[in-house]
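Any read-out appearing in this document is the output of simple, stated calculations on the displayed coordinates, not a laboratory observation. On a predicted model such as this, the values are computed, not experimentally measured, just so you know. Glycine gets a Cβ as well: all are built from the backbone with ideal geometry, and neighbour counts include every protein chain shown.
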């Protein structure tokens, strides 16, 4: 942080927001973590009660307060269902920033966040080296899903079934692009996101293909960095501000109508968290943050509401493949986007959409939550797996690459042969058929 001034500002904002909570307990009914543990300390109401005395507790037991705050998926279920309209995510994120500003980062997080993530070029090189040597330490787990598992006992990988790093990341395949709009009259900046770039590059290729098909001009600047969600989730304002400033600089070089991304988390971060955390001490132009946030839109919503989907006249095909859809928390609960991904799936007559039970229930990943509390994360994820399996579908689609990772892990470990896709992958098949 830039000193106690910024810390004091965050503290003041936090105190103003905390008074809104009535402690009604409605958050208990929707919190996936509380459903798993039954602990009051794990639900939003319990954490907010703790934060009421943050100034005093911060000096008494800052580590204990931070650990309790960290046991949160940041899924937004509590905020979406709060009758008082408490901005729970904003409160928790600012509280983490306050505590990290007071305690400092752990040595490991300092290396990962400030040493690598905040330097996109270094981060890209490290991941590319990892992709070259990953086969030495991993082996295939489920060939249909495409997951791998560790060859050795590892405290980090544990018994995970994970999606391997792509042999070649998307930014190496198409470093940059700047095309003029055609009949659509729209120019879109394309923010790829780390997981799409490094694990699911096919999704990024499909986005480019779809935009080209609809004659949308594409601005893909070189050297994109992380959106900053891992940093701000850890309370690291220094890394967060560096990444926001870096991305603003590379995107401000060209005029565009919208900024599209196929990652629900990146969309939510740029649209909501960037302006939430920006202030005059952040080191970048706040007005630019607001402008980018207003232009940012999920790729599914962009295609449905701004461009218009193509649909095949042949519907109700007998050979259609059954597919179900999982609503990412950051897409439905944070941004209200849920019908649009389903529209992309339904546009392709080769697929038949079947709703699963509780499609908007959190999958349990929660970013760094999965790394620190894997058993809890997996227990929540197993409920999602069971609902997917019960749908009887051979494909599950979702608009968030993080959810794709979690769902792939849960399905793979259960021995299920259910493919995980992004809705854009299903829609692009229709266009390629044409």
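Taking a ≥ b ≥ c as the square roots of the eigenvalues of the alpha carbon gyration tensor, the stretch 309-433 is prolate, as a/c is not under 1.5 and a/b beats b/c. Nearest 10 degrees is fine. How inclined is helix 120-137 to the longest principal axis of the chain, computing both from alpha carbons? Here the helix axis deviates by roughly 70 degrees. For the stretch 63-185, rounded, prolate or oblate, judged on the Cα gyration tensor with a ≥ b ≥ c (square roots of eigenvalues), a/c < 1.5 rounded, else prolate if a/b > b/c? Oblate shape, in that a/c is at least 1.5 and b/c is the bigger or equal ratio. As a ratio to 2.2 N^0.38 Å, the alpha-carbon radius of gyration computed for the stretch 4-103 takes the value 1.01. Beta-bridge orientation, the chain: approximately 25 percent antiparallel, per DSSP, counting only bridges with both partners inside.
The label-point distance for residue 81 and residue 19, in a model that sets each label 7 Å from Cα toward Cβ, rounds to 2.8 nm.
Report the antiparallel proportion of the DSSP beta bridges in the stretch 120-306 as a percent, rounded to a multiple of 5. Kindly include the intermediate steps, with their values, before the conclusion.
Details: 7 of 16 bridges.
Looking only at bridges with both residues in the stretch 120-306, the antiparallel portion is about 45 percent.
Helix 286-295 axis versus longest C-alpha principal axis of the chain: approximately 30°, rounded to the nearest ten. Each stretch of four or more DSSP H residues adds -39500 (n - 2.57); spread over every residue of the chain, this sum gives -13500 deg cm²/dmol at 222 nm.
Were the residues from residue 173 through residue 209 laid out at 0.36 nm apart, the gain over their Cα-Cα distance would be 11.6 nm. Maximal additional length on extending the residue 249-residue 386 stretch stands at 44.9 nm, based on 0.36 nm per residue less the C-alpha distance. Fully extending the segment from residue 122 to residue 339 would add 74.3 nm, taking 0.36 nm per residue of separation and subtracting the current Cα-Cα distance. Once you sort the root eigenvalues of the Cα gyration tensor of the stretch 120-306 as a ≥ b ≥ c, which label holds: rounded (a/c under 1.5), prolate (a/b larger than b/c) or oblate (the other case)? Oblate shape, in that a/c is at least 1.5 and b/c is the bigger or equal ratio.
Considering only 367, 392, 381, the Gaussian network model of the chain with Cα springs below 10 Å gives its largest mean-square fluctuation to 392.
Between residue 291 and residue 41, the simple spin-label model (points 7 angstrom out along Cα→Cβ) gives 4.7 nm.
If R0 is 45 Å, the Cβ-Cβ spacing of residue 183 and residue 144 corresponds to a FRET efficiency of close to 0.70. On a 0 to 90 degree scale, rounded to 10, what angle separates helix 423-433 from the longest Cα axis of the chain? Taking the Cα atoms of the chain, the angle to 423-433 is about 20 degrees.
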